[in-house]
1. Looking at residue B:30 and the list (1) exposed (fewer than 15 other Cβ atoms within 10 Å of the Cβ); (2) modelled with pLDDT of 85 or more; (3) not charged (D, E, K, R), which single condition is not satisfied?
2. Please enumerate the residues belonging to the stretch A:39-59 that are closer than 23 Å to residue A:86 by Cα and either polar (S, T, N, Q) or surrounded by fewer than 20 Cβ atoms within 10 Å (Cβ to Cβ) (or both).
3. Select from the stretch B:139-161 the residues that are in a loop (DSSP other than H, G, I, E, B), touching a residue at least 60 places away in the same chain (Cβ under 8 Å) and of a type outside the set (Ser, Thr, Tyr) and write down the one among them that is farthest from residue A:37 (Cα to Cα).
4. Please go through the stretch B:122-137 and give me each residue that is more than 23 Å from residue B:73 (Cβ to Cβ) and exposed (fewer than 15 other Cβ atoms within 10 Å of the Cβ), ordered by number.
5. Please determine, by comparing only the residues of the stretch B:94-121 that are at pLDDT below 90 and either closer than 17 Å to residue A:55 by Cβ or within 11 Å of chain A (Cβ to nearest Cβ) (or both), which one is surrounded by the fewest Cβ atoms within 10 Å (Cβ to Cβ).
6. Quickly run through the stretch A:39-59 and pick out the residues that are more than 7 Å from chain B (Cβ to nearest Cβ) and touching a strand residue (DSSP E or B) at 6+ places or on another chain (Cβ under 8 Å).
7. Just to verify a result, which residue in the stretch B:143-158, among those that are more than 8 Å from chain A (Cβ to nearest Cβ) and closer than 14 Å to residue B:124 by Cα, is farthest from the chain's Cα centre (by Cα)?
8. Given the criteria more than 15 Å from residue B:95 (Cα to Cα), within 14 Å of chain B (Cβ to nearest Cβ) and surrounded by 14 or more Cβ atoms within 10 Å (Cβ to Cβ), does residue A:62 qualify?
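The values are calculated or read from the model by the stated rules, or taken from the named source; none is laboratory data. Because the structure is predicted, anything quoted here is derived from the model rather than measured. In this analysis, Cβ positions are derived from the backbone assuming ideal geometry, glycine residues included, and neighbour counts consider all displayed protein chains.
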Amino acid sequence: MTAIPVQLVDDTARRFRLLGDPTRLRLLDALHEAGELTLAELAARTGTSSANACKHLALLDREDVVAKQRKGSNVHYRIVDPTIASLCELVCAGLRERYASLARRGGNRAAA
Amino acid sequence: MTARHLAALLLVGVLALAAGCGGADLSGAPPAPAAEPPAAEPPAAPDETAWTALLGELDLEPNQFVVEIDGSRDGSDLALTITVPQDGPREYTFSDGLYGAQAFAIVDGSWKRVDTADIRTEIAPLLSPGQSADVRLPVSDADSYRVLVPVEGFAAWADIS
């Protein structure tokens, strides 16, 4: 493995911090499913208040993970960083595998 | 001196002490002026510590002037103008059709929400630096109000009498 430049390590850590929040992950999941949603739709789908959704979407917007666009009297959000979905899927797949492994071990112990 | 004499002397002493501690004044001296009644307590100043705690509960970071809030009472509403400063860093998104504005007042010593705008349109308006918006926020009666506007995780506020 080659040495990662310091700036890239810092930026990568910032990106993981940005994604290290359940509300933001739920918002991204909703956008990944739907493609494009309004603030109110995102708040409803993630079970949070509009003010809270607005706060987290602003953070994601500032880091160029999502973009907002005014359409009529409303604002629509969509994911613009194409790496986000595959990154989340990679982490989720690893966790699913771990759960399955733990379940198998639990099953083996119960059978023994 | 008999025991009865001693008891009588003690009784006289006790009565004299009682008179000196607010009992009947038998000295003939003019009565001392009555103590002033306690002045009415000034209205309690808004409790800034409680306000900061409230913003914490709402998961908002205090940033009072991230947007400017002007306004006055107009009938049963607060007539507000919300302005993004000209030197603001970017366009802001607000959380509902009333720009997320909420009114609070001190009730029984603590901050209580007193706006009555429970149902709000779901549009999320945007304001660019230098732009402003007029909002009418219905409220219940209070002597003065503190208007809170959440802006992308920050809390702006202003006091309105």
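1. (2)
2. A:45, A:46, A:58, A:59 - these are the residues of the stretch A:39-59 that are closer than 23 Å to residue A:86 by Cα and either polar (S, T, N, Q) or surrounded by fewer than 20 Cβ atoms within 10 Å (Cβ to Cβ) (or both).
3. Out of the qualifying residues, it is B:143.
4. Answer for the stretch B:122-137, where residues must be more than 23 Å from residue B:73 (Cβ to Cβ) and exposed (fewer than 15 other Cβ atoms within 10 Å of the Cβ): B:128, B:129, B:130.
5. B:121
6. Result: A:42, A:45, A:57.
7. Restricting to residues being more than 8 Å from chain A (Cβ to nearest Cβ) and closer than 14 Å to residue B:124 by Cα, the top hit is B:151.
8. When the stated conditions are applied, residue A:62 does not pass them.
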